[in-house]
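**Q** Quick one: the structure is below, and I'll ask about it shortly.
The values are calculated or read from the model by the stated rules, or taken from the named source; none is laboratory data. Bear in mind that the values here come from a model prediction, so they are computed numbers and not experimental data. We place every Cβ from the backbone using ideal geometry, glycine too, and count neighbours over all the protein chains shown. Calculation scope for accessible area: heavy atoms of the full protein, side chains included, ligands and nucleic acids excluded. Shrake-Rupley method; radii C 1.70, N 1.55, O 1.52, S 1.80 Å.
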Amino acid sequence: SLSQPVMAAARVPPGVTRVVIDNGGHTCKVGFAGEQQPLKCMFNGIAKGKGAVAKSFVADQLEKCTDFSSLQYRLSLERGCLVNWDTQAQVWNRALSASVLNVTPADCSLMLSEIPMCPMAIQDTLDEMVFEHFGFDSYCVRPAPVLASLAIAEQQQQVPPRCASLVVDCGFSATHCVPILGSTTFNFAIKRLNVGGKMLTNQLKQIVSYRSYNVIDETHLINDVKERLCYVSLDFDGELALTRFKGKKNTLRREYVMPDYVKTSVGTVRNPNAPAPAAAPAASSAPSPRDGPPPKKKAMLVADEQVLPLANERISVPEIIFSPSDIGIEQAGLAESIVQAVNACIPDVREALYANILLTGGSALFANFQERLYRELRQLVPLEYPISIATGAQPMLRRVLLVRFAFLNFSLLAAHLNLQSHHPPVSNVGYQPSVPMLSLHLFHPPCVHIYLNRNQPWCLGSRVLKVATDRPTNLPYVQ
């Protein structure tokens, strides 16, 4: 309970290296405290090809792969939760090895990210893995949306600083709407939409396999198609009607030339409605009739190409985020989920939440995503509430920074752990696997506790729970 004594959290010694790991569903960003960008952004899993002599690629080894056809993936996280512990251990071993970070866990303090409302069983196993398997000196874990919120606020330098914000984390496994007051999440108001980048890729694979080629096993290829050709439509019904035309009237039609993994390993995008390039100037000397016609190399190359035509798939796949019922998911869309999350909070902070909506995650990189979300929210939110949606980066840097905001603030926070008493790490001395409830309060307090007092408010929202010794015992609290 809250009244029981809790062991004090340890401070990081000056000589200890502070390692930062932003553990995402698809990528794992690793680096050191104080850096603006991760040292390495690697695949968070193991990829293996088919066949008896297939080679396995762990984490950053996937960058050396030249043939991505029919790769089988084993991810560390499923539905956002860490479940494949052996796979995660191999990825972290690769990250801590001499080829990436070149550090020893016993001499390091770890800053780690996790999803909101992570199950307790996974949290206990994670604590055991950090201290008993790797042997880190100390570690601190925080929800990724909280760190993303602080990172965007640090970049924008808003004056006065925002008191509350709502982070929309469009990740690989799911989409979370997380209301945040200061650096504290309202756990009772978090909304989860089971639509993420993985589901969108799988949906596109099914559509293409039904209409064109069998690409069920080509996850890497279809993911590249999704990132390069799909976008959020601002007029879905109108643009969907255009895809019924043929020829130049169908302005959405694009062609994706698939790689053969022999001469090329990356596909190319072609617009069939674009004007043909100008013909090359004729040679000064014409070929002799006796030489015969020139070889038809161009025709042979075109015949060997495998072209994937795309039209309404470009807008129907991202539309699932805003309308999951289109494919039978009985959940509210993104805009409705945001309204539900805000309405679950107290009325005093609702205006501030609508005025500080922050986008993060890879699925928020679709073109027109921010404008479409604003239009749908404006129809659902009362007019007296202003709506502001921020991504925290310039358009040219948006693709790089959106997926690295969490790492940026993990790095900033880890660099000032000794200065922030409400975000201290816990050392391996304080870890007691034989006392699970005590470890739970040390690492994973269940939710936000706000103590009410006329003279001085008490707000304890950090992951490492520290109870003041002079706290009045007769104060009511909202849990």
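**Q** Got a number for residues in the range 195-216 being touching a strand residue (DSSP E or B) at 6+ places or on another chain (Cβ under 8 Å) and open to solvent by 60 Å² or more (accessible area, probe 1.4 Å)?
**A** 1
**Q** Turning to a different aspect of this structure: Given the conditions (1) among the β-branched types (V, I, T); (2) under 30 Å from A352 (Cβ atoms); (3) part of a loop (DSSP other than H, G, I, E, B), report the number of the one that V167 does not fulfil.
**A** V167 satisfies every listed condition except (3).
**Q** Among the residues of the range 303-324, how many are open to solvent by 20 Å² or more (accessible area, probe 1.4 Å) and touching a Gly at 6+ places or on another chain (Cβ under 7 Å)? So that I can check it myself, show each step before the final result.
**A** Of the residues in the range 303-324, the ones open to solvent by 20 Å² or more (accessible area, probe 1.4 Å) are 303-307, 309, 312, 314, 316, 323.
Filter once more, keeping what is touching a Gly at 6+ places or on another chain (Cβ under 7 Å): 323.
Residues in the range 303-324 being open to solvent by 20 Å² or more (accessible area, probe 1.4 Å) and touching a Gly at 6+ places or on another chain (Cβ under 7 Å): 1 in total.
**Q** So which residues in the range 326-384 are crowded, with 19+ Cβ neighbours inside 10 Å and polar (S, T, N, Q)?
**A** The answer is S337, N356, T360, S363.
**Q** Taking the range 108-153, which residues are over 18 Å from T185 (Cα atoms) and out of contact with any strand residue (DSSP E or B) (no Cβ under 6 Å at 6 or more places or on another chain)?
**A** Residues of the range 108-153 over 18 Å from T185 (Cα atoms): 108-111, 121-122, 124-139.
Once the filter is applied, which keeps residues that are over 18 Å from T185 (Cα atoms) and out of contact with any strand residue (DSSP E or B) (no Cβ under 6 Å at 6 or more places or on another chain), the range 108-153 yields A121, D124, T125, L126, D127, E128, M129, F131, E132, H133, F134, G135.
**Q** All but one of (1) open to solvent by less than 70 Å² (accessible area, probe 1.4 Å); (2) at pLDDT 90 or above; (3) among the polar types (S, T, N, Q) hold for N187; which doesn't?
**A** The number of the failed condition is (2).
**Q** Give V141, V130 a once-over and let me know the one that is β-branched (V, I, T), over 20 Å from the mean Cα position of the chain (by Cα) and farther than 30 Å from L221 by Cβ. Walk me through how you get there before you give the answer.
**A** Values: V141 fails: over 20 Å from the mean Cα position of the chain (by Cα).
So the residue among V141, V130 that is β-branched (V, I, T), over 20 Å from the mean Cα position of the chain (by Cα) and farther than 30 Å from L221 by Cβ is V130.
**Q** OK, next. Farther than 28 Å from M111 by Cα and not charged (D, E, K, R) - does that describe any residue in the range 135-158?
**A** No, every residue in the range 135-158 fails to be farther than 28 Å from M111 by Cα and not charged (D, E, K, R).
**Q** Quick test of your reading of the structure: A121 fulfils all but one of (1) at pLDDT 85 or above; (2) open to solvent by 10 Å² or more (accessible area, probe 1.4 Å); (3) closer than 20 Å to K29 by Cα. Name the failing condition by number.
**A** All conditions are met except number (3).
**Q** Could you tell me how many of the residues in the range 226-262 are surrounded by 14 or more Cβ atoms within 10 Å (Cβ to Cβ), over 28 Å from the mean Cα position of the chain (by Cα) and part of a helix (DSSP H, G or I)?
**A** Number of matching residues: 3.
**Q** Can you confirm whether the range 145-153 contains a residue that is touching a helix residue (DSSP H, G or I) at 6+ places or on another chain (Cβ under 9 Å), modelled with pLDDT of 85 or more and not hydroxyl-bearing (S, T, Y)?
**A** No, the range 145-153 contains no residue that is touching a helix residue (DSSP H, G or I) at 6+ places or on another chain (Cβ under 9 Å), modelled with pLDDT of 85 or more and not hydroxyl-bearing (S, T, Y).
**Q** With the range 30-101 as the region, which strands (runs of 3 or more DSSP E) entirely inside it contain at least 1 residues that are open to solvent by 70 Å² or more (accessible area, probe 1.4 Å)? Break it down stepwise before answering.
**A** Values: elements: 40-43, 45-48, 56-58, 72-75.
It comes to 45-48, 72-75.
**Q** Check the range 218-228 and report whether any residue there is free of Cβ contacts under 8 Å to residues at least 24 places away in the same chain, closer than 23 Å to A274 by Cβ and not aromatic (F, W, Y).
**A** No.
**Q** Looking at the range 307-366 only, could you name the residues that are closer than 27 Å to Y213 by Cα, without any contact (Cβ under 8 Å) to a residue 60 or more places away in the chain, in a helix (DSSP H, G or I) and not charged (D, E, K, R)?
**A** Taking the range 307-366 first, the residues closer than 27 Å to Y213 by Cα are 307-321, 323-329, 362-363, 365-366.
With the extra rule that they be without any contact (Cβ under 8 Å) to a residue 60 or more places away in the chain, the set shrinks to 307, 323, 325-326, 328.
Narrowing the set further to residues that are in a helix (DSSP H, G or I) leaves 325-326.
The answer is S325, and nothing else.
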